Amino acid sequence: MSDRPLGIWFGIDVGAVRVGVARSDPRGVLAVPVATLRRDPHGNGDLDELIALLDEYEAVGVVIGLPRTLAGREGSAVTAARAYGDLLEARLAEIPVLYADERMTTVVAQRNLSTSGVRARSQRAKIDQAAAVEILQSFLDRGTLQ
């Protein structure tokens, strides 16, 4: 039994240069890639693009990955992801912004792309989306907000 709202959820992989975006199907079962946004920390253009996507798909929630270390520690990348989430949450009316551990999602995403035959040169454009898919799919599979 799931305690999360039914509908389209978004997964976000926040990086220093790019933001990977994934979304679920309307039943909240399967995560699919959506876009890779170029970070715009000064003008927040990436947030504008993300909010437009959330509105377009009538999102019911957002899950942002927290890139903790393998030992579970939180460094500057986690601080940056939380800051991004705070900016996003301040601009959203009633859509919850949640956080999920994303240790190893980029490694898994790279491995999956390589296995699928995506050449290394092409991976850079897709790796952030693939990591966002991993973050969101893990959240969806748990079936709970906790």
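Comparison of Arg68, Arg18, Arg27 shows that the only residue that is at pLDDT below 95, closer than 15 Å to Ala130 by Cα and surrounded by fewer than 21 Cβ atoms within 10 Å (Cβ to Cβ) is Arg18.
Being in a loop (DSSP other than H, G, I, E, B) and either on the phi < 0 side of the Ramachandran plot or more than 15 Å from the chain's Cα centre (by Cα) (or both) holds for only one residue in Gly65, Gly28, Gly43, and it is Gly43. All conditions but one from (1) modelled with pLDDT under 85; (2) of a type outside the set (Asp, Glu); (3) within 28 Å of Pro5 (Cα to Cα); (4) not in a helix (DSSP H, G or I) apply to Gly117; the one that does not is (3). Inside region 49-62, residues that are outside any strand (DSSP E or B) and surrounded by 13 or more Cβ atoms within 10 Å (Cβ to Cβ) make up a count of 8.
The values are calculated or read from the model by the stated rules, or taken from the named source; none is laboratory data. Note that the structure is predicted; figures quoted are calculated from it, not measured. A quick note on method: Cβ atoms are made from the backbone with ideal geometry, for glycine too, and the neighbour counts reach across all protein chains shown.
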